[in-house]
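Here's the structure we're looking at; comments come further down.
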There are 2 protein chains.
Amino acid sequence: MSSNKVYKPKPVSGFPEYLPEVRLVEQQWLDHIRRVFESYGFCSVETPSVEELDVLSAKGEVDKEIYVLERLHKEEGGKDARLALHFDQTVPLARYVAQHFNDLTFPFKRYQMQRVWRGERPQAGRFREFTQCDIDVINVDSLPLHFDAEMPAIIWETLSSLPGMENEKIQLRISNRKILIGLLEGKTNNIPEALRIIDKIEKIGKDEVTKLLSKDCAIDDENIKIIMNLVGHDGYYILQDLTASNEMMAQGMEEIKFVKEQLSNLPEEAVKVDLSIVRGLDYYTGTVYETVFTDDPGYGSICSGGRYDDLAGQYINKALPGVGISIGFSRLFAKLLEQGKLPIARKSPADVLMLLPADDQHDKATEAAQTLRKNGHNVEMYHKAQKLQKQLSYAEKKGIPYVWFPGDGEVKDMATGEQVKADPQSWTPHE
Amino acid sequence: MSSNKVYKPKPVSGFPEYLPEVRLVEQQWLDHIRRVFESYGFCSVETPSVEELDVLSAKGEVDKEIYVLERLHKEEGGKDARLALHFDQTVPLARYVAQHFNDLTFPFKRYQMQRVWRGERPQAGRFREFTQCDIDVINVDSLPLHFDAEMPAIIWETLSSLPGMENEKIQLRISNRKILIGLLEGKTNNIPEALRIIDKIEKIGKDEVTKLLSKDCAIDDENIKIIMNLVGHDGYYILQDLTASNEMMAQGMEEIKFVKEQLSNLPEEAVKVDLSIVRGLDYYTGTVYETVFTDDPGYGSICSGGRYDDLAGQYINKALPGVGISIGFSRLFAKLLEQGKLPIARKSPADVLMLLPADDQHDKATEAAQTLRKNGHNVEMYHKAQKLQKQLSYAEKKGIPYVWFPGDGEVKDMATGEQVKADPQSWTPHE
C-alpha cells in the first residue's frame, strides 16, 4: 500500500493535460481535422519529436526557446549529435522532403498533426507543449496557384464544423506580399521594417502605424497616405481601382484576385482580402493567410500560413515552392474550453454498460457484450454484482447512455428511463 | 532559391521515420488498436510528454536513460522544476490518477497511446523514441479478478486482427506471481533473485537456470526439481495435480485457474499458462502477461503487463490496485515492416484523382470533387492541365485507385482500366 513519503504532484505550467471528458472532445476535434485533410488527398506524415540541433539551426537563427535533450547521466566519450525538440513542423517538413526527395511523389501533399515544444517562460496562456495541425503542398520548380485557393477552402471547412465552433464567427484574411513589397519599392530603403510595422496594425492601430512608417522608414506623407488607404479598407474593393506601380505589384494583384475568385462558393464572410496581412516571416513570398475571430480580432490568428518559393534550400539544391497553413490547435481548443463552448458530455466512449445483476449472469453478460461489440458498439462490463442502483449510478457518472440487463435481455435508455427487450445481434440505439 | 551551403540531413539513429505509404499503414494500426480499446469502454488519456524529474524519480530509482530538457540558452535566475521526457506511460498514469483523483470515476479504465523516450546508446533495433499502447483499469481498495481475464481477451482481439498480423502465430503467456513466490518461500532467502533467474529461462535455457538456482540462491536439488517441473511444462496441466504449499501459492493457483477459464471462448492456442513467466518488475503482485511469436520466442515479449496492488503510493495515500498491459507498438510495427508483411499499397489517402483535361474544366472539376467529398470520398484534384498520360501516371504512382473525368462525368478504375459514366452524387467504388 501507500508509503509514508508522498510526493504530491502538481500541474506543470505550459503543458496542458485534460480529464477524460475533455480529452474525448479533443480526440473528436483531431479526428475531424484529419478527416477533412484526408478528404482533400493529403497524406499523413509524422517526424521524430527531435531534430539534430544543426538541422534546427541550419538557417543560422538559433532560437533561445529551443529545448535540447540531455541524458540525465552522460557517459564519457559520447559523440552523438546534439538533439533538440522541434519547435514547429515546417523545419521538419523541409528536412523530410530533402532527405526523402527521391522517394516522394510531387506535388507532395502532406498533413502533420503533432506536438511541438517551445521553452517559453511559464506564464498564463502560453503553452510550452502544444499540437499544430499543418497542411502543405510542395512541388518541384513551380506550383499552380490553384493550391493557394485550396488552402482557405480546406481551413474554412475544417474550422467552421469543429464540434463547438459552429456558432463562432471566424474569417480568413488573405493577402499577397508582392502587392505591399511592390508598392513600397522606391518609397523606403527598409522594406522589411515597413512590413513589420504594417503587420502590427491590428494591435497598435492606424495612427501608430502612420507615425512609425514616417519615423522608422522615412516614408513621406503622400506615400503613407497611399499605403494606409491600401491596408485600412476592404482589400478586394481597393484592388478594383488600384494601379500597379511595378511588375511585382501587378503580379501580386493578379494572384490575389485569382485566389479570391476561386473561393466564390464559400459564404461571403468566410474569406476577406486584407492587404495589411503580411505575416512576420520573410519566408513567405506570395499569398499569405491569417484567421481571426471577427468579434475578437485582438486574440490574434488561430490559423496562418502562406506561399513560399524555397522550402528546403538549406538542405537540398532543388527549387521547391510550396504553400501551407497551420492550425494552432491547442490554443484554439483551450480558448473554446475556457469559454465553456465545447460539447463535453461523457467520460467514456462506451455506448452501453453491461450490468451484472447477479454473479451467475456473468457468462451471459460477456456473450451479449461481445455480440454488441461485433456490431460496432462500445461496451463496458460491470464486473461486480453490486446493488443495481450502484451500477446505474456508475453509468450515469460516466455518461454512458444505455445499460443492458443480460438476464432478461433488456436495454434501458438512461436519458428517458425507457426499458425494452432487445437482441444484441440487431440492437441499434435510437438517435 | 537554394543557397550554397547545404546541410545534408540524415536519419537520427533510434528515431524512426516513415515514408507516407508506411505511415498510412501505421495509422491503420493505431486506429485499429484504438477502436478495440474503445469497444471495451476504455477512455483516452494523454499526458504531457514531460514530467517533473522529481515525479519520474519519486520511486528512488533514477534511470540513466532519462532525457532531461534544457533550454538552449538558459537565462539567469531560472528556478523552474527540471523537466524530463517520460520513459513509459505507467509513471504518468500513476501521477495522473493521484493528481486528478477527485475528478475520476472508478473503476477508471483508460487507454494511452503516446510516444515515450529512452536515452539508449544508438544501436540497431533499439528505439530512443517509440510509441506504446497501454490499457489499465484502476480501482480504489479492490478490483474484481474479471478484469485480469479481460486483458488477454482484448489483446488477442487487437493483435490477431492488425493488418499484416493475420498469419502471425502469437500467444499470450500468463502466470500468477503468487504461485512461484509461494513455492519459493522457505526454500531460499533470496526470492527476488530466484525470480529473476527463472524469468530468463527462455533466454538461457533450463540447464543454466538449474545451475544458477543452486549456485546463487542455495536451493537444494530436490526443490530445484520441483521448481523446474513447474516452470518447464504447460502450466495449466501442471496446475491440475499441484498441491499448494501455503496460502499465497493456493491463492495464485485459484486466480490463474479462474482467469484461464474465463478465456475459454478464445482459440485454444491464444492463451497458455506458463508458470515461468514472472516479469522483471517487483511492481507486479498477481497475474502477469507476456506475448510472444510462437515461432520466434527469442524475439521477446511484444505485449506485457500484469496486476499490481499499489499504483500510486508514492503520490497519494490511497490503495489503488489495478491491472494493465502494454503493446510495444513501434518495435512490433518495425518487425513486420522489416519482414515485408505489411499491406503497403498506396502513398495517398485519396480514393479518386480528379483529372484536369483542360483548364476550362476546372470549375466543373472542383464541383464534382466537392460533391464526392460530401459523400465520404477522399478526392485529390490535379490542378494543371497537363497531358492526360502524365496525370494518369501520377494517380498510378500515388496508388490512387480511381480517376475522374470532370468533362464527361466518367470514372476509370485504374486497376481494371474499366471506364464508366458516373454521378458524383451517387457513385460508390465497387469493392
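Points worth noting:
- Residue in region A:292-305 that is within 30 Å of A:ALA98 (Cβ to Cβ) and without any contact (Cβ under 8 Å) to a residue 24 or more places away in the chain present: no
- Top-ranked residue in region A:316-374 [being acidic (Asp, Glu) and either over 25 Å from A:SER426 (Cα atoms) or within 13 Å of another protein chain (Cβ to nearest Cβ) (or both); ranked as surrounded by the most Cβ atoms within 10 Å (Cβ to Cβ)]: A:ASP351
- For the condition part of a loop (DSSP other than H, G, I, E, B) and of a type in the set (A, V, I, L, M), A:ALA368 does not qualify.
- For first residues located in region A:199-213 and under 22 Å from A:VAL292 (Cα atoms) and touching a residue at least 60 places away in the same chain (Cβ under 8 Å), partners that are surrounded by 18 or more Cβ atoms within 10 Å (Cβ to Cβ) and among the polar types (S, T, N, Q) and lie 6+ apart or on another chain with Cβ distances below 8 Å form the pairs A:ASP199/A:SER276; A:ILE201/A:SER276; A:GLU202/A:SER276.
- Screening A:ALA194 with (1) in contact with a Cys (Cβ under 7 Å, 6 or more places away or on another chain); (2) surrounded by fewer than 19 Cβ atoms within 10 Å (Cβ to Cβ) gives one miss only, at (2).
- Output for region A:299-310, where each listed residue is at pLDDT below 95 and more than 10 Å from chain B (Cβ to nearest Cβ): A:TYR299, A:GLY300, A:SER301
- Scanning region A:110-120 for residues that are more than 8 Å from chain B (Cβ to nearest Cβ) and of a type outside the set (Asp, Glu) yields a total of 6.
- Region A:117-144, residues that are touching a helix residue (DSSP H, G or I) at 6+ places or on another chain (Cβ under 9 Å) and assigned to a strand (DSSP E or B): A:GLU129, A:PHE130, A:THR131, A:GLN132, A:CYS133, A:ASP134, A:ILE135, A:ASP136, A:VAL137, A:ILE138
- In region B:240-266, the residues that are within 20 Å of B:ARG307 (Cα to Cα) reach residues that are surrounded by fewer than 16 Cβ atoms within 10 Å (Cβ to Cβ) and modelled with pLDDT under 95 with C-beta atoms within less than 8 angstrom, at least six apart or across chains, in these pairs: B:MET248/B:GLU185; B:MET249/B:GLU185.
- Considering residues of region A:88-109 that are among the aromatic types (Phe, Trp, Tyr) and at the interface with another protein chain (Cβ under 10 Å from one of its Cβ atoms) only, the residue farthest from the chain's Cα centre (by Cα): A:PHE106
- In this structure, A:GLU396 qualifies as assigned to a helix (DSSP H, G or I), more than 18 Å from B:SER39 (Cα to Cα), within 14 Å of chain B (Cβ to nearest Cβ) and of a type outside the set (A, V, I, L, M).
Yes/no matrix, rows are residues, columns are (1) charged (D, E, K, R); (2) more than 9 Å from chain A (Cβ to nearest Cβ):
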site: B:GLY376; (1), (2): no, no
site: B:TYR402; (1), (2): no, yes
site: B:LYS412; (1), (2): yes, yes
site: B:GLY417; (1), (2): no, yes
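- Residue within region B:62-79 that is assigned by TED's automatic domain parsing to the domain that holds B:ALA312, of a type in the set (Asp, Glu), modelled with pLDDT under 95 and under 21 Å from the mean Cα position of the chain (by Cα) present: yes
- Candidates B:LYS341, B:LYS318, filtered to the one that is touching a helix residue (DSSP H, G or I) at 6+ places or on another chain (Cβ under 8 Å) and either free of Cβ contacts under 8 Å to residues at least 24 places away in the same chain or farther than 16 Å from B:ASP136 by Cα (or both): B:LYS318
So that you can scan it fast, the table gives a plain yes or no per residue for (1) part of a strand (DSSP E or B); (2) of a type in the set (A, V, I, L, M); (3) touching a helix residue (DSSP H, G or I) at 6+ places or on another chain (Cβ under 7 Å); (4) not assigned by TED's automatic domain parsing to the domain that holds A:PHE42:
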position: A:TRP156; (1), (2), (3), (4): no, no, no, no
position: A:LEU172; (1), (2), (3), (4): yes, yes, yes, no
position: A:SER175; (1), (2), (3), (4): yes, no, yes, no
position: A:GLY182; (1), (2), (3), (4): no, no, yes, no
position: A:ILE197; (1), (2), (3), (4): no, yes, yes, no
position: A:THR210; (1), (2), (3), (4): no, no, yes, no
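- Subset of region A:281-303 [of a type in the set (A, V, I, L, M, F, W, C) and over 25 Å from A:LEU162 (Cα atoms)]: A:LEU281
- Residue among B:GLY324, B:GLY313 that is touching a strand residue (DSSP E or B) at 6+ places or on another chain (Cβ under 9 Å) and of a type in the set (Gly, Ala, Ser): B:GLY324
- Residues located in region B:197-241, provided they are surrounded by 14 or more Cβ atoms within 10 Å (Cβ to Cβ) and touching a Ser or Thr at 6+ places or on another chain (Cβ under 7 Å): B:ILE198, B:ILE201, B:CYS217, B:ILE219, B:ILE224, B:MET228, B:VAL231, B:GLY235
- The residue that is farthest from the other protein chains (Cβ to nearest Cβ), among those in region B:378-392 that are of a type outside the set (A, V, I, L, M) and part of a loop (DSSP other than H, G, I, E, B), is B:LYS387.
- Selection count, region B:345-364, where residues are small (Gly, Ala, Ser) and farther than 25 Å from B:LEU24 by Cβ: 1
The values are calculated or read from the model by the stated rules, or taken from the named source; none is laboratory data. All of these numbers come straight from a predicted model, not from anything done at the bench. Positions of Cβ are generated from backbone atoms using ideal geometry, with glycine treated the same way; all protein chains shown enter the neighbour counts.
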